[in-house]
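See below for the structure under consideration.
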Amino acid sequence: MALRVLWKRMTNAMDRFHQVAFSPKYLLYTNIGISVGLSMVGDTMEQSYERLIGELPDWNRTRTVRMGISGLTVGLVCHYWYQHLDYLFPKRTYKVVVVKILLDQFICSPFYIAVFFLTMAILEDNTWEELEQEIREKALVLYAAEWTVWPLAQFINFLLIKPQYRVFYDNTISLGYDVYTSQVKYRKKPEPKDNS
């Protein structure tokens, strides 16, 4: 009996939390929190793998915090992007979904990647030239990966998911992508071969 009462209280509390967190008043904060948290989890997972294979001696907390901050900026982009798309194209027809996917892939994805690299460059105190170099070396790799993951994921997002849950869904799918983003961002350059 006591467990049933405890379970009922817990489910009521979770329901109240859900209602508040995904309400219009707090949705921006929820979306940013989800983006920050899952960006940090993705980086932690990637670092765990790098430590396992011997590429990284210890967990780099600064790197994880930086990835979390990039989640903040990207979370802002996603929150307002989805609101704008839903405002311009409120219907859920197949035609509208395809238009949203194409706009997302051709406009938001490159912008999202640029915001990510710009945020990281600011946090790492990189020069403009270093930022340009990193974008040249890594942005196309991430953009190609976007095309393998996001069209199908966004088809589901735009057709089936309620608008207030779009960023939550996006970040859930993006957890694996965040691991890959961390890997691409922090992969070591191969050492130049010494021909002497």
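The values are calculated or read from the model by the stated rules, or taken from the named source; none is laboratory data. Computed from a prediction, not measured in an experiment: that's the story for all the values here. Neighbour counts run over all protein chains shown; Cβ positions are idealised from the backbone, glycine included. With ligands, DNA and RNA removed, areas are computed over all heavy atoms of the protein, side chains included. Shrake-Rupley method; radii C 1.70, N 1.55, O 1.52, S 1.80 Å.
Of all residues being open to solvent by 60 Å² or more (accessible area, probe 1.4 Å) and part of a helix (DSSP H, G or I) in the range 39-64, which is farthest from TYR112 (Cα to Cα)? Just the residue, please. Among those residues, the one meeting the criterion is LEU52. Listed conditions (1) without any contact (Cβ under 8 Å) to a residue 60 or more places away in the chain; (2) in a helix (DSSP H, G or I); (3) farther than 30 Å from ARG187 by Cα are all met by VAL97, apart from (1).
Under 22 Å from SER174 (Cβ atoms), of a type outside the set (S, T, N, Q), open to solvent by 70 Å² or more (accessible area, probe 1.4 Å) and assigned to a helix (DSSP H, G or I): is that true of VAL36 in this structure? Talk me through it step by step, then tell me what you get.
Details: under 22 Å from SER174 (Cβ atoms): yes; of a type outside the set (S, T, N, Q): yes; open to solvent by 70 Å² or more (accessible area, probe 1.4 Å): no; assigned to a helix (DSSP H, G or I): yes.
When the stated conditions are applied, VAL36 does not pass them.
Condition check for MET67 on (1) open to solvent by 50 Å² or more (accessible area, probe 1.4 Å); (2) among the hydrophobic types (A, V, I, L, M, F, W, C); (3) in a helix (DSSP H, G or I): one failure, at (1). Within the range 87-105, is even one residue hydrophobic (A, V, I, L, M, F, W, C), within 19 Å of SER35 (Cα to Cα) and open to solvent by less than 50 Å² (accessible area, probe 1.4 Å)? Scanning the range 87-105, I find no residue that is hydrophobic (A, V, I, L, M, F, W, C), within 19 Å of SER35 (Cα to Cα) and open to solvent by less than 50 Å² (accessible area, probe 1.4 Å), so the answer is no. Please work out if TYR29 is of a type in the set (Phe, Trp, Tyr), part of a helix (DSSP H, G or I), open to solvent by 100 Å² or more (accessible area, probe 1.4 Å) and within 25 Å of ARG166 (Cβ to Cβ). Yes, satisfied.
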